[in-house]
Amino acid sequence: MQAILGVVFHFLGSFASGSFYIPYKRVKGWAWESYWITGGMFSWLIVPLIAAYLTVPGFISIILNTPGTTLFWTYFLGALWGIGGLTFGLAMRYLGVSLGMSVALGFCSAFGALIPPIYLDLTSAEETGSFSAMLGSTGGLIVLLGVVVCLLGIAICGKAGMRKEKELSTDQKQDAIQEFDIKKGLLVAVFSGILSACMSFAITAGKDMAVVAEAAGANPLFRNNVIFVVVMLGGLTTNFIWCMILNARNKTFTDYTNKKKPLAGNYIFSALAGTTWFLQYFFYGMGESKLGNGASSWILHMAFIILVANAWGFALKEWKGVSKKTNYIIIAGIAAIILSVVIVGYGNSLNN
């Protein structure tokens, strides 16, 4: 029953993640950096603080009494993940919801499974969970097979994107995705996917705070909310700095106060997008409390997001006008990524 609840919570979080960018499409007359950081203030500051306040008694005291080393690594990994989140938004901007999320999350899934064991080999004499141990176990080899299938799926999705680039006119491409750019999109999606995997590591780095929170009376379902306060501050730091640079470079600071733009609607839709975005980790924390923060939890989360994002992508007609063959190719790529997630999850289950 606990495992079923974990799967349900991960699906709810993944639905929020796969859906968060939709409200941004209703923002009018603002530059990307303006609505991204406006939503981000809700994603990385306001909503995490409210969630922690409501669910973790004395969360500020827990943070203040946490060793500096733990806080540093939780914050630092959050900052790296924030860079991944920043470029994740750019991937959506250039590739759309369907292709952007498939490529970025495919890499996120693969690197989330590979980086921890490689790190263990480089920094520790501990063999359990290391990359060399993976090579010597059935479960580990299955995980590596899953990673290969994931990379194959990404390549197939990229092929579909390139065919779309050739088949559609500029007007057709921009009808669904105003700034469609396959080269820029694939580049930032790869970069985003690699760094976005740092969220899983940040949760592990801050796990002592969750332990203290639970001991202090917090419901185990919500124990990670205290960790998210620190992680999200790291994400806010990198995103805020970059968006302010873009505001200055593009002279778009006036977006926030220009009454010729639909300010009320823009703030509301940005806030809705930001709040929806955070809900993915609110529910991820609940799912993690049931399944643990191993690769299986992370992989399951990624798989559900890819499913939801692509459902939105087709609903928004991002692939409208392409040939049947291109449609089959993108579906095959998505299916391969989802299959890889299942393979990696199965391989990890054999190791546990």
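Structure notes:
- Solvent exposure of the stretch 196-296 amounts to 42 Å² per residue of accessible area, where only protein heavy atoms count and the probe is 1.4 Å.
- Backbone N under 16 Å from the Ser61 label point (7 Å along Cα→Cβ), restricted to the stretch 219-258: 219, 226
- Net lengthening on full extension, Val342/Ala315 (0.36 nm per residue, minus Cα-Cα): 7.2 nm
- Cross-link reach is defined here as a Cα-Cα straight distance under 21 Å, omitting same-chain residues fewer than 8 places apart; for Lys28 the lysines meeting it are Lys173, Lys251, Lys259, Lys260, Lys261, Lys317.
- Per residue, in Å², the accessible surface of the stretch 13-104 once ligands and nucleic acids are set aside, probe 1.4 Å: 34 Å²
- Modelled spin-label separation between Leu151 and Met41, with each label point placed 7 Å from Cα along the Cα-to-Cβ direction: 4.3 nm.
- A simple packing score, the average count of other Cβ atoms within 10 Å per residue, orders the peptides 212-221, 12-21 as 12-21, 212-221, with the highest score first.
- Cα-projected label distance for Ile241 with Ser323, points at 7 Å along beta-carbon direction, nm: 4.6 nm
- Ordering 236-244, 32-40 by mean Cβ neighbour count within 10 Å, with the highest value first, yields 32-40, 236-244.
- Efficiency of FRET from Cβ geometry, Ile50 and Tyr256, R₀ 30 Å, rounded to 0.05: 0.85
- Pairwise FRET efficiency - Lys28 versus Leu187, Cβ, R0 = 45 Å, nearest 0.05: 0.95
The values are calculated or read from the model by the stated rules, or taken from the named source; none is laboratory data. In this text, all values refer to a predicted model and were calculated from it rather than measured experimentally. A quick note on method: Cβ atoms are made from the backbone with ideal geometry, for glycine too, and the neighbour counts reach across all protein chains shown. We work out accessible area using only protein heavy atoms, side chains counted, and drop any ligands, DNA or RNA first. Shrake-Rupley method; radii C 1.70, N 1.55, O 1.52, S 1.80 Å.
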